[in-house]
2 protein chains.
Amino acid sequence: MVAGVSRQAPSGFRFITRSAAQTRILDAALKLIAEHGAAGTSLQMIADAIGVTKAAVYHQFKTKEQIVVALTERELGGLEEALEAAEAHDDFPRAREELLRRVIDLAIERRGAASTLQFDPVVVRLLAGQEQFQRFIQRLYGVLIDDTSEDARVSAAMLSGAIAVGVMHPLVAGVDDDTLRSQLLRFTHRLIGAPEESGAGDGG
Amino acid sequence: MVAGVSRQAPSGFRFITRSAAQTRILDAALKLIAEHGAAGTSLQMIADAIGVTKAAVYHQFKTKEQIVVALTERELGGLEEALEAAEAHDDFPRAREELLRRVIDLAIERRGAASTLQFDPVVVRLLAGQEQFQRFIQRLYGVLIDDTSEDARVSAAMLSGAIAVGVMHPLVAGVDDDTLRSQLLRFTHRLIGAPEESGAGDGG
DNA sequence: GTCTATATAACGATAGAC
DNA sequence: GTCTATCGTTATATAGAC
């Protein structure tokens, strides 16, 4: 699945630039969605959080849906780069290793921002209707799953949950980034059956 | 933490009986919350799903919050039994092993019902204010985490995510229960560093 | 880019009849 | 146990001034 894959055109998440006003909205929206869910986050709440009126928010994004889409684009942008780098490898284990390492780095960097979106049913529903995201997810699976066996699919599902929850669970709130990263890598390798490394000294 | 633990009083999830009308409401609510989130599920949607009016729903549950609480009580009820059985063991690895096996069984049985609730921020917020649930979660941690090391906490967080997502992820939608159970047990043992079993023949 | 003001709909919740 | 009808509030979204 990875060997001989043609370098696909970027989905285009990376090069979207946002104004300062838009960035403030997205920051506030992410925080509120994490606390109340996408359905439970109103435009009024977002407006209040950044100290403007609803109309000002609507001037930046035509609908609430567009805010969610823009938010997901932003949080998935870093993964696009990692995905392309992983696809460049021509053997499966190295591609997966590379991708997982970067996924973990990003997950820790943003401490559950993507996880929040990943588990929100409103976000999931919305993105299910967007071809751009579905293609992206399919590419991710292509690197993470080496065959079509149920074994590999269950493993990938568990891995995605382990990483996503591993960075956002209340139990790890007090764990510093470096410790969390080395633990996540260790358990991830254990889960996929790869040899565990002794040193954790990989810069980010 | 487990050795010498005194058999605590049940939180009382198990013995709540519900009328047929209440059960219909909870069934509909669970399905809708999985699709739209708790905040995105209105009383009108629940009423429409079972073919009654909003007022009929309010006759069974005084508020929307009570529906969510009742739903969580119902889905966590099976775990209470498993937790007590696990606490009866006086050595840690066996207690954890026993609990994890039952958690996986229940997760598969209901295919992500509890996972849905676990990841919904509205549900999390609501239960955070209920002492009954907080005590229950603390008891769960007591069996799953053997010490207070960050290592153990990260491991427990990842494990919880791996199981929860492992049963509800789209990738495993077509995997039959027995296959899913043996895979979940295998990867769970791998994650906690326990020896993997060869046979999966354990009745339910 | 932000404001006030408003239109229209849906929300949670209650009262009272059957 | 279910209904109709309603209250007060909030939701998404828009128009038009500054």
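This ranking places A:Ile67, A:Ile108 by how few other beta-carbon atoms lie within 10 Å of each, fewest first, which gives A:Ile108, A:Ile67.
Based on DSSP H runs of at least 4 residues, each adding -39500 (n - 2.57), what is the mean residue ellipticity at 222 nm of the protein assembly as shown after dividing by all its residues, to the nearest 500 deg cm²/dmol?
-22000 deg cm²/dmol
Taking other residues whose beta carbon is less than 14 angstrom from the beta carbon of B:Ile67, and scoring Lys, Arg as +1 and Asp, Glu as -1, yields +2.
Peptide B:166-174 is shielded by partner chain Cβ atoms: per residue, an average of 6 of them sit within 10 Å of its Cβ.
Sparsely packed loop sites in the stretch B:124-204 (the GluC sites (Glu not before Pro) outside DSSP H, G, I, E and B with at most 15 other Cβ atoms within 10 Å) comprise B:Glu196, B:Glu197. Among the lysines of the protein assembly as shown, pairs that are 8 or more positions apart or on different chains and have alpha carbons within less than 23 Å of each other number 10. Each Lys or Arg adds one and each Asp or Glu subtracts one; over the other residues with Cβ under 13 Å from the Cβ of B:Tyr58, this totals +2. The stretch A:55-79 and the stretch B:116-171 have Cα centres lying 30 Å from one another. Working from the Cα coordinates of the stretch B:78-139, the gyration tensor eigenvalues give, after taking √(5λ), semi-axes of 23, 16, 8 Å in decreasing order. From the Kirkwood radius over Cα pairs of the protein assembly as shown, Stokes-Einstein at 25 °C and 0.890 mPa s returns a whole-number translational diffusion coefficient of 109 µm²/s.
Put simply, the Cα atoms of the stretch A:52-111 extend 51, 21, 12 Å along their principal axes, the longest span coming first. Each listed q (0.11, 0.14, 0.21 Å⁻¹) maps to a log10 I(q)/I(0) for the stretch B:1-141, found by the Debye formula over equal Cα scatterers with no solvent: -0.45, -0.69, -1.30. Peptide B:148-156 has a mean shielding of 6, counted as Cβ atoms of other protein chains within 10 Å of each residue's Cβ.
A:Ala34 sits among other residues whose Cβ lies under 13 Å from its own Cβ, and their net charge, with Lys and Arg +1 and Asp and Glu -1, is -1. List the pair-distance distribution P(r) of the stretch A:79-204, using every Cα-Cα distance, as the percent of pairs falling in each 5 Å bin from 0 up to the bin containing the longest distance, rounded to whole percents. Calculated over all Cα pairs of the stretch A:79-204, the distribution is 2, 10, 19, 24, 23, 14, 7, 2, 0 percent.
Taking other C-beta atoms within 10 Å as the exposure proxy, A:Ser182, A:Ser19, B:Ser160 rank A:Ser19, A:Ser182, B:Ser160 from fewest upward. With a point put 7 Å past each Cα toward its Cβ, work out how far A:Thr17 is from B:Thr148 in nm, to one decimal. Those two pseudo-labels are separated by 5.1 nm. If a spin label sat at a point 7 angstrom from the Cα of B:Ala173 along the line to its beta carbon, the backbone N atoms of the stretch A:123-141 nearer than 13 Å would be those of A:125, A:128-129.
Throughout, read-outs are computed from the coordinates displayed, never taken from laboratory work. Please read all numbers here as calculations on a predicted model, not as lab measurements. No Cβ is skipped: glycine too gets one built from the backbone with ideal geometry, and neighbour counts run over all protein chains shown.
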